[in-house]
1. List the residue pairs whose Cβ atoms are under 8 Å apart, where the first residue sits in the range 100-119 and is in contact (Cβ under 8 Å) with a residue 60 or more places away in the chain and farther than 28 Å from Lys143 by Cα, the second is open to solvent by 10 Å² or more (accessible area, probe 1.4 Å) and small (Gly, Ala, Ser), and the two are 6 or more positions apart or on different chains.
2. Can you tell me how many residues within the range 45-98 are modelled with pLDDT of 90 or more, open to solvent by 50 Å² or more (accessible area, probe 1.4 Å) and of a type in the set (Asp, Glu)?
3. Within the range 88-134, work out how many residues are among the aromatic types (Phe, Trp, Tyr) and under 12 Å from the mean Cα position of the chain (by Cα).
4. State all residues of the range 99-119 that are outside any helix (DSSP H, G or I) and open to solvent by less than 50 Å² (accessible area, probe 1.4 Å); if no residue qualifies, say none.
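The values are calculated or read from the model by the stated rules, or taken from the named source; none is laboratory data. Nothing here was measured: the structure is a model prediction, and the numbers come from that model. Neighbour counts run over all protein chains shown; Cβ positions are idealised from the backbone, glycine included. Remember, those area values only see protein heavy atoms, side chains included, never the ligands or the DNA or RNA. Shrake-Rupley method; radii C 1.70, N 1.55, O 1.52, S 1.80 Å.
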Amino acid sequence: MWIAIISLCLIIGLVVLLFIIISPGKLEPLKDKTGKPILHSISEKVKLEIGGVKQQAFILGEKKENPVLLFLHGGPGSPELPLVFTNDGDRRLEEEFIVCYWDQRGSGMSRAGIPVETMTLEQLIADTHEITQYLKKRFNQEKSILSGILGEAILE
């Protein structure tokens, strides 16, 4: 009897853990300086298929009309979102831009199931182009601003 109960608890625990792992998650809405949620702001975690593999990003912005900024952390490796994202302070990028913090192939949320042979400079460039096209289309923008370790550029 006890073995059946323990087995059932383990199975339920594993199912809950599986749902947590595969869940797209939900971010808190962006808040103003008084702590109130900003109406119509964007605060989401997205899963995309880029270059044939699942990759993830956080998209944050106070206004949907703002220009799009794709932040590249210089991967593969550890993403820099914890170093650049803050809800407190006087200014943040999300006031002026729709910021996409993308975990590139092999980094952060986008590291699972990535074939090693696809970790090439050419593939990383192709992935960047693909997510840029997605962001331009999604937010109806002609250009996206690219910012990261190697500098900045405007992609058309």
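1. Ile114/Gly106
2. 3
3. Selection size over the range 88-134: 2.
4. Taking the range 99-119 as the starting set, the residues that turn out to be outside any helix (DSSP H, G or I) are 99-107, 111-115, 119.
Across the range 99-119, the qualifying residues are Val99, Cys100, Tyr101, Trp102, Asp103, Gln104, Arg105, Gly106, Ser107, Ile114, Pro115.
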